[in-house]
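So the structure is just underneath, and the comments pick up after that.
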């Protein structure tokens with residue numbers, strides 16, 4: 001998936017805003033969907049939602065620690081790799097957002 005096609009702006013969210021998106025998933029607050037364009041079979045580019053998807057990718061890659069969280073402040077300072085798996089099911093929580101873009105069957 002091309003997350004940053006030529007018409008997208010550059011990455012702008014800081015760690016606090018990225019953290020609050022992740023917190024939204026954890027506490028089950030609705031998050032706006034991604035809008036993608038299928039450029040060819042099973043190849044997509046992000047039309048809207050680049051900031052959200054890069055925040056999720058960065059969190060999975062341990063590129064930032066959560067900070068600025070207000071609803072679940074105990075997670076501040078934690079990275080994806082350091083969050084107790086029993087406390088938060090990250091795969092299950094974030095899959096609601098990211099699994100929308102699995103393989104599709106041609107019609």
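Every condition in (1) at pLDDT below 75; (2) outside any loop (DSSP other than H, G, I, E, B); (3) surrounded by 14 or more Cβ atoms within 10 Å (Cβ to Cβ) holds for residue 52 except the one numbered (1).
This table checks each residue for (1) buried (at least 17 other Cβ atoms within 10 Å of the Cβ); (2) modelled with pLDDT under 85.
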position: 4; (1), (2): no, yes
position: 7; (1), (2): no, yes
position: 11; (1), (2): no, yes
position: 17; (1), (2): no, no
position: 21; (1), (2): yes, no
position: 28; (1), (2): no, yes
position: 33; (1), (2): no, yes
position: 37; (1), (2): no, yes
position: 40; (1), (2): no, no
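So, in segment 8-49, exactly how many residues are in contact with a strand residue (DSSP E or B) (Cβ under 9 Å, 6 or more places away or on another chain), part of a strand (DSSP E or B) and either closer than 24 Å to residue 82 by Cβ or free of Cβ contacts under 8 Å to residues at least 60 places away in the same chain (or both)? Result for segment 8-49: 10.
The values are calculated or read from the model by the stated rules, or taken from the named source; none is laboratory data. Computed from a predicted model, the values in this text were never measured in an experiment. Backbone-built Cβ (ideal geometry, glycine too); neighbour counts: all protein chains shown.
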